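J.: Could you have a look at this structure, given as structure tokens, before my questions?
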Amino acid sequence: MQSKIIVAIDGHSSCGKSTMAKWLARQVGYIYIDTGAMYRTITLFALRNGFITSAGIDEAGLKAALDKVKVSFTLDPDTHLPLACLNGEVVESQIRGMEVSNNVSPIAALPFVREVMTAQQQQMGQDKGIVMDGRDIGTAVFPDAELKIFVTASAEVRARRRYDELIGKGETDINLDDIRRNVEERDYIDSHREVNPLRQAPDALILDNSHMTKDEQNEWLLSHFNECVAAQQQ
Ligand code: DC
């Protein structure tokens, strides 16, 4: 039997990590976990319960309420793709809007939030056979992952992709400059926070997909996956 591995895909926001991670997981029959969706779901909980206001984040309140938050995934019966759930309610579309996007980085920077999320992610990957994408998977969640990939693309390209994605979902009240600012702001917070900042693991393969098609990217990914699995068998 083929040995299963952990694939850790990290990188900047809106560079297509989730799309490629989902594709690979489906292609090789692995479980796919979008850890960004987990931080987004906590952010939605914080917004709904008044822990994020114009005065800032009520950290003590959120910390005390965190044991009442259950983040999970359920499979969409039609697409078979995972949908994020907050205490059993499917919140996939709510966590992708601008309100959550604008608030998620400071929430993801809170050490107590990261501690809880990291422990859950490690549990999800304990049997391997998983493709997990995020910011700190190869450095903090699974530092021993067999295959680590660090994805990046220019801020312009990433803002345009995000804009097209939101337009495709029917959002109308958006503009490219705001999105670019959001992308850059998230890059800054994600890579400057104290706990587990966005960093390329020294043993990660770099993929700059600014000028790559999806097919080229998938081919690159699958060939590295196959190489890595073959190396495990030896
Ligand atoms: O990948 P995304 O844009 O959905 O991630 C949302 C936010 O969560 C982003 O600001 C980075 C943060 N995040 C993180 O800090 N650690 C992860 N493993 C995944 C996401």
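Quick note: the coordinates plus some simple rules give every number you see, no bench work behind them. This is a predicted model, so every value here is computed, not measured. Neighbour counts are summed over all protein chains in view; Cβ atoms, including those assigned to glycine, are modelled from backbone coordinates with ideal geometry.
J.: Calculate how steeply helix 176-192 sits against the longest principal axis of the alpha-carbon atoms of the chain, using the helix alpha-carbon long axis, and give the answer as 0 to 90 degrees to the nearest 10.
T.: 70 degrees
J.: Shifting gears a bit: Just order 61-71, 29-39 by mean Cβ neighbour count inside 10 Å, highest at the front, would you? Working shown, then result.
T.: Values: 61-71: 14.5, 29-39: 20.1.
In decreasing order of mean packing, 61-71, 29-39 become 29-39, 61-71.
J.: Amide H neighbours of residue 147 under 5 Å, at least 5 residues apart or on other chains, H built in the peptide plane: list them.
T.: 6, 8
J.: Report Rg (one decimal) and Dmax (nearest whole number) for the chain, counting Cα atoms only, units Å.
T.: Gyration radius and largest Cα-Cα distance of the chain: 17.3, 57 Å.
J.: If one computes P(r) from the Cα atoms of region 1-50, what percent of pairs lie at distances over 13 Å?
T.: Working: 795 of 1225 pairs.
Beyond 13 Å sits 65 percent of the P(r) for region 1-50.
J.: Could you check the spin-label model distance between residue 171 and residue 70? Points 7 Å from the Cα along Cα→Cβ, value in nm.
T.: Those two pseudo-labels are separated by 2.9 nm.
J.: Kirkwood hydrodynamic radius for region 1-126: how many Å is it when counted over pairs of different Cα atoms? Before the final figure, lay out each step's value.
T.: Values: mean 1/r = 0.0642 Å⁻¹.
Kirkwood radius, region 1-126: 15.6 Å.
J.: Continuing with the same structure: Residues with amide H under 5 Å of residue 128's amide H, sequence separation 5 or more or different chain, H placed in the peptide plane at 1.01 Å from N; which?
T.: Distant-sequence amide H within range of residue 128: zero hits.
J.: Using 18 Å as the Cα-Cα cut-off, could you pick out the over-long pairs in 17/148; 70/169; 128/148; 22/214; 4/148; 22/128? Display every interim value, and only then the final one.
T.: On the way: 17/148 12 Å; 70/169 26 Å; 128/148 14 Å; 22/214 12 Å; 4/148 14 Å; 22/128 16 Å.
Violating the 18 Å Cα-Cα cut-off are 70/169.
J.: Just to check I understand the Karplus step: with θ = phi - 60° and J = 6.51 cos²θ - 1.76 cosθ + 1.60, what whole-Hz values come out for region 33-46, glycine and proline as x?
T.: Residue by residue, region 33-46 yields 10, 9, 6, x, 4, 5, 5, 5, 5, 4, 5, 4, 4, 5 Hz.
J.: Could you give the dipole magnitude of the chain about its Cα centre, charging the beta-carbon of Lys and Arg +1 and that of Asp and Glu -1, in debye to the nearest 20? Walk me through the numbers before you get to the answer.
T.: Details: 25 positive and 34 negative charges, 58 e Å.
Roughly 280 debye for the chain.
J.: In whole angstrom, and with the biggest value first, how far do the Cα coordinates of region 158-234 range along each principal axis?
T.: Cα extents, longest axis first: 54, 35, 19 Å.
J.: If you don't mind, another one. Would you list the P(r) distribution for region 128-194, with all Cα-Cα distances sorted into 5 Å bins from 0 and each bin expressed as a whole %?
T.: 3, 14, 20, 18, 16, 15, 10, 4, 1
J.: Out of all DSSP beta bridges with both ends in the chain, state the antiparallel percent to the nearest 5.
T.: Values: 9 of 27 bridges.
Taking every DSSP beta bridge with both residues in the chain, the antiparallel ones total about 35 percent.
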